[in-house]
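Scroll down for the structure; my scribbles are underneath it.
The values are calculated or read from the model by the stated rules, or taken from the named source; none is laboratory data. The structure presented is a predicted model; accordingly, all values stated were derived computationally and were not measured. Ideal geometry is used to build each Cβ from the backbone, glycine not excepted, and the neighbour counts take in all protein chains shown.
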Amino acid sequence: MRIGVIGAGVMGSGIAQSVATAGYETCCYDPDEGARTRAAEAVRTGRYGLQRGVERGKLSEDDAAAALARLEISADFDAAGACDLVIECVPEDLALKIETFRKLDATAPPAAVLASNTSGFPIAALAAATDRPAQVVGWHWASPPVVMRFAEVVRTPATGDDALGLVCEVARACGKNPIVVNDNPRVWGFVANRVYAAMLREAGQVVAEGVASQDEVNQLMVDCFNWPVGPYGMVRGATKGWS
């Protein structure tokens, strides 16, 4: 099976690395040359890249080389679209995502499944931009995607079992723990980000009241709940990377 990834930013490059490491031929598209260069560097030598995986004993040299050989970072949208599963990772702009799904619907093979890594836009809105709503699924990853086991798989009333099964199968092959949840177009977010947003609002109130600084909130949450990072650290990592 061949997997396409649309977008080579922090999330897209990590997702592409994950599926290539899991054994899938992968094509990651981005129109920006700088983004492609940064993605290639992150995959090879970044904090969660293949080289670091070898150094930490998570991958053998041969496995890392094989993953790199399976991954193409491309300026050709059609090459990434012509896959069995395509994962959209463009910026969180609903109009841009809808436009991307329209283009993918015209490019991808008829049987291809189209997935979105949106943090919370309605999957039904993306499915409505296509002629294949049964094959449109949400697949929300957490940052950094290479190491986080999180896989929030989102179904609409039209999503077919075959599409869900394929995404869950690939998620498990990537070492993730897929949980299927229902789309709710009336609100932004699915499960993780709705709960996370409530926590961020309260953290912001704590900082505004002068109870603690952002760094102190981060450390308290790490120490109390054994989180890998605190709430503000997660925001920085998800938007700027984990250097």
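Per-structure values
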{"read-out": "Cross-chain or 6+ apart pairs with Cβ under 7 Å, the stretch 68-80 first and not assigned by TED's automatic domain parsing to the domain that holds ASP105, then exposed (fewer than 14 other Cβ atoms within 10 Å of the Cβ) and part of a helix (DSSP H, G or I)", "value": "none"}
{"read-out": "Residue count for the stretch 31-77, restricted to those that are in contact with a Gly (Cβ under 9 Å, 6 or more places away or on another chain) and of a type in the set (Val, Ile, Thr)", "value": "1"}
{"read-out": "Any hit, the stretch 222-242, residues being assigned by TED's automatic domain parsing to the domain that holds GLY46 and over 17 Å from the mean Cα position of the chain (by Cα)", "value": "no"}
{"read-out": "For ALA171: the one exception among (1) of a type in the set (A, V, I, L, M, F, W, C); (2) modelled with pLDDT of 95 or more; (3) in contact with a helix residue (DSSP H, G or I) (Cβ under 9 Å, 6 or more places away or on another chain)", "value": "(3)"}
{"read-out": "Per-region count, the stretch 1-27, residues out of contact with any helix residue (DSSP H, G or I) (no Cβ under 9 Å at 6 or more places or on another chain), surrounded by 24 or more Cβ atoms within 10 Å (Cβ to Cβ) and under 21 Å from LEU104 (Cα atoms)", "value": "1"}
{"read-out": "Filtered residue count, the stretch 1-34, keeping only those that are more than 15 Å from CYS174 (Cα to Cα) and among the β-branched types (Val, Ile, Thr)", "value": "2"}
{"read-out": "Filter pass, ALA171 being surrounded by 20 or more Cβ atoms within 10 Å (Cβ to Cβ) and more than 17 Å from VAL10 (Cα to Cα)", "value": "yes"}
{"read-out": "Qualifying positions in the stretch 59-73 - within 14 Å of GLN17 (Cα to Cα) and either modelled with pLDDT under 95 or of a type outside the set (D, E, K, R) (or both)", "value": "LEU59, ALA64, ALA65, ALA66, ALA67, LEU68, ALA69, LEU71, ILE73"}
{"read-out": "Where PRO185 falls short, out of the listed (1) in contact (Cβ under 8 Å) with a residue 40 or more places away in the chain; (2) under 28 Å from ALA128 (Cα atoms); (3) out of contact with any Pro (no Cβ under 6 Å at 6 or more places or on another chain); (4) surrounded by fewer than 16 Cβ atoms within 10 Å (Cβ to Cβ)", "value": "(3)"}
{"read-out": "Condition check for VAL229: more than 27 Å from ASP84 (Cβ to Cβ), at pLDDT below 90 and not in a helix (DSSP H, G or I)", "value": "yes"}
{"read-out": "Subset tally (residues that are in contact (Cβ under 8 Å) with a residue 24 or more places away in the chain and closer than 18 Å to GLY23 by Cα) for the stretch 161-177", "value": "9"}
